[in-house]
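See below for the structure under consideration.
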Amino acid sequence: MTILQIKASVTPKLMTIPGVVGVGIQKGKIAVYIKKRTAETLSAIPLTIGGYGVKIVESGEFFAFQDRTGKWRPALGGVSIGHYAITAGTLATRIIDNETGKRVILSNNHILANKDSFQNSRANKGDAIYQPGSYDGGSSADTIANLERWVKLDEIGINKVDCAIATPINDADLSDEILEIGVVDGITDVIEGMVVRKSGRTTGLTIGNVIDANLTVDVNYGWQFVARFIDCIYTTENMGDGGDSGSLFVADNKAVGLLFAGNSAGNIIACKISNVVNELNVNFAPPIDHTLKLTKEGYYDYEEQFSIAEGETKDFDITLTPIEIPPEEKKFPYWMLLFAPILIIPFIKKKK
């Protein structure tokens, strides 16, 4: 059979595997496209099919292209979001809050916390976060999260980051993925010349190069103030526009920066992600696949595959069924040998 015939015959079965989103052909191999690499998905995919090798491609989930300014549930990185008092910006991605262990939304202070600063209070913990942002039609009915934590801006001093996190009201309303990028699996240092991608509310997916990895810059926050930032990233032209603030800079599926400003030519500026995670006390650890195995003498083992974010807990309903030890495994009661002399002596005396 040809590879096309093999692919056609096995596709229905492969598509029933949890996590598989597509089947195709790449360079003479059967290509199996998966949402993400999990033990359950990988163990169910054979290494070869009909004499042809299998190539596993972590593609993320495929979505019908829809307006990034619309309502998304679950919401992905790259779509419209904002504090109830602002217009709209971009949801960067989900990230893990080290203080709670929960999945939270990452974006800018000026997107999620209304430009809150040391000099002027403009936000409070628990403030409503709309998805989409109010400029895109969002309202209280579209509240997806509450403001959790942010780094205050300094209107007269030095800043390193413009960042904030918000906790979803319902965890299921937040996706692990960034639209057209997929799942980010960690961070990496940025270097001059690095190729980076970003997925933003306004200009979608764009690709460019880092042309300065150590920028000090004054950023105009409208009529309210101009703030000075250090240790920032500057990219080539045509990478972004207004409304893209909050987008994540990604290189080879590693986060490198958080977009927060730009100019009329589309050059954009990002905080280094290493500064962001340190200041917010968050991390990019992906959901972890665990295998739970409980054992107790005289009972069956219990085993289950599940996915859980680091620091979270999961409840289980477990029934342990007692089992009998097979006869051949029963051990001789050697302790009885200690009493053998006592038991034998009366019989010896009686015989005499």
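The values are calculated or read from the model by the stated rules, or taken from the named source; none is laboratory data. Here the structure is a predicted model, which means the values were calculated and not measured. Note that each Cβ is placed from the backbone with ideal geometry, even for glycine, and that neighbours are counted across all protein chains shown.
From the list 11, 41, 48, the lone residue that is touching a Pro at 6+ places or on another chain (Cβ under 8 Å) and not assigned by TED's automatic domain parsing to the domain that holds residue 185 is 41. Against the list (1) part of a strand (DSSP E or B); (2) within 29 Å of residue 231 (Cα to Cα); (3) among the hydrophobic types (A, V, I, L, M, F, W, C), the condition residue 145 fails is (2). Looking across the stretch 244-280, just one residue is acidic (Asp, Glu) and within 14 Å of residue 208 (Cβ to Cβ), and that is 244.
Residue count for the stretch 146-173 under the criterion of being closer than 15 Å to residue 96 by Cα and touching a helix residue (DSSP H, G or I) at 6+ places or on another chain (Cβ under 8 Å): the result is 7. Within the stretch 218-263, restricting attention to residues that are more than 20 Å from the chain's Cα centre (by Cα) and among the small types (Gly, Ala, Ser), the residue that is nearest to residue 160 (Cα to Cα) is 227. Being touching a strand residue (DSSP E or B) at 6+ places or on another chain (Cβ under 6 Å), of a type outside the set (Asp, Glu) and part of a strand (DSSP E or B) is the filter here, so list the residues in the stretch 159-183 that pass it. Within the stretch 159-183, 159, 164, 165, 166, 167, 168, 174, 175, 178 meet the criteria. Residues in the stretch 35-49 that are modelled with pLDDT of 90 or more and not in a helix (DSSP H, G or I): 45, 46, 47, 48, 49. Close contacts from the stretch 14-42, counting a first residue that is more than 20 Å from residue 181 (Cβ to Cβ) and a second that is surrounded by fewer than 19 Cβ atoms within 10 Å (Cβ to Cβ) and aromatic (Phe, Trp, Tyr), with Cβ to Cβ under 8 Å and a gap of 6+ residues or different chains, come to 28/52; 29/52; 30/52. The selection criterion, being crowded, with 16+ Cβ neighbours inside 10 Å, closer than 30 Å to residue 89 by Cα, modelled with pLDDT of 90 or more and of a type outside the set (A, V, I, L, M), does not hold for residue 7. Only a single criterion out of (1) loosely packed, with under 14 Cβ neighbours inside 10 Å; (2) under 21 Å from residue 129 (Cα atoms) is not satisfied by residue 48, namely (2). Residues in the stretch 1-31 that are within 22 Å of the chain's Cα centre (by Cα) and part of a strand (DSSP E or B): 3 in all.
Cβ-Cβ contacts under 7 Å between residues 6 or more apart (or on different chains), taken from a first residue in the stretch 218-230 that is in contact (Cβ under 8 Å) with a residue 24 or more places away in the chain to a second residue that is of a type in the set (Phe, Trp, Tyr), are listed as 219/229; 227/221. In the stretch 125-152, of all residues being surrounded by fewer than 21 Cβ atoms within 10 Å (Cβ to Cβ) and among the hydroxyl-bearing types (Ser, Thr, Tyr), the one that is nearest to the chain's Cα centre (by Cα) corresponds to 143. Annotation note: of 136, 185, the sole residue that is touching a residue at least 24 places away in the same chain (Cβ under 8 Å) and either touching a His at 6+ places or on another chain (Cβ under 8 Å) or more than 18 Å from residue 257 (Cβ to Cβ) (or both) is 136. Just so you know, in the stretch 184-237 the residues that are β-branched (Val, Ile, Thr) and not in a strand (DSSP E or B) include one that is surrounded by the fewest Cβ atoms within 10 Å (Cβ to Cβ), and it is 191.
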